[in-house]
Every structure is written in structure tokens, then in C-alpha cells.
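Everything on this sheet refers to the single structure shown next.
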Amino acid sequence: WIQNKFNDLGLEASTQEFTVNSNSTNNILGVQLGTTTPDNWYVVGAHMDSIPSFGAAPGAVDNASGCAGVLEIARITSNYRFARTIIFICYSGEEQGLICSKCHV
């Protein structure tokens, strides 16, 4: 769903696959390529995973607002062009120890 939203905004959308505790998971990226210095990046990110604390996973009270913020910033900035590249990313595997953001870096 997030990758489709990035595509809908005209961003170059992709995923990065990782293994977390023997399970496959993905970071989801949307890239807005910079016009004059594309090798310089701004990264706007949040994590999209959650761990069940009391029954069902509490995603809405975990970092759903962070991913909503990433998508909203992407929506607004996709209407403009910037010198530097902007990478919008929703990380997975963060509840298990920042695994996928470390892999991305």
C-alpha cells in the first residue's frame, strides 16, 4: 500500500528486503531525485512495524503517525523540485532493534 502511494506521487518506489528473526520483511522507499546535486540526500523516515503488547498489534498507537507523516511530507514535496534527492522511507524491523534502518544505512 505504501509503495503504491509513493508510485502515485510520481516517486521512484522500491523495497529493500531483509531477514529479521528468520522472517522476511521490507523497507519501502520513495525517491524524489534531486535536480543538481542528486548524490546529496535528505532522508525522511519512520517505522511501520509494531509488536503485540496486549492482543492485536498496536500499530495505530505505535508509529502509524510517523508513516502518515512521511507520506504527507512526500505528498506535499512531490509538487516541487529540489537540488538534493529526498528519500522517503518506511522502515520495518525496528521493534526488534533498529535492524532494517541499520541495514539501510
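The values are calculated or read from the model by the stated rules, or taken from the named source; none is laboratory data. Source: prediction; values computed, not measured. Because the Cβ atoms are built from the backbone with ideal geometry, glycine has one as well, and the counts that use them run over all protein chains shown. With ligands, DNA and RNA removed, areas are computed over all heavy atoms of the protein, side chains included. Shrake-Rupley method; radii C 1.70, N 1.55, O 1.52, S 1.80 Å.
Listing for the model above:
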quantity: Residues that are open to solvent by 50 Å² or more (accessible area, probe 1.4 Å), touching a residue at least 24 places away in the same chain (Cβ under 8 Å) and farther than 17 Å from Asn79 by Cβ, drawn from the stretch 1-15; calculated: Gln3
quantity: Yes/no for Thr19 being in a strand (DSSP E or B), open to solvent by less than 40 Å² (accessible area, probe 1.4 Å) and over 20 Å from Ser65 (Cβ atoms); calculated: no
quantity: Whichever residue in the stretch 73-105 is at pLDDT 95 or above and within 12 Å of the chain's Cα centre (by Cα) and, among such residues, is surrounded by the most Cβ atoms within 10 Å (Cβ to Cβ); calculated: Phe88
quantity: Lone unmet requirement of (1) at pLDDT below 85; (2) in a strand (DSSP E or B) for Ala13; calculated: (1)
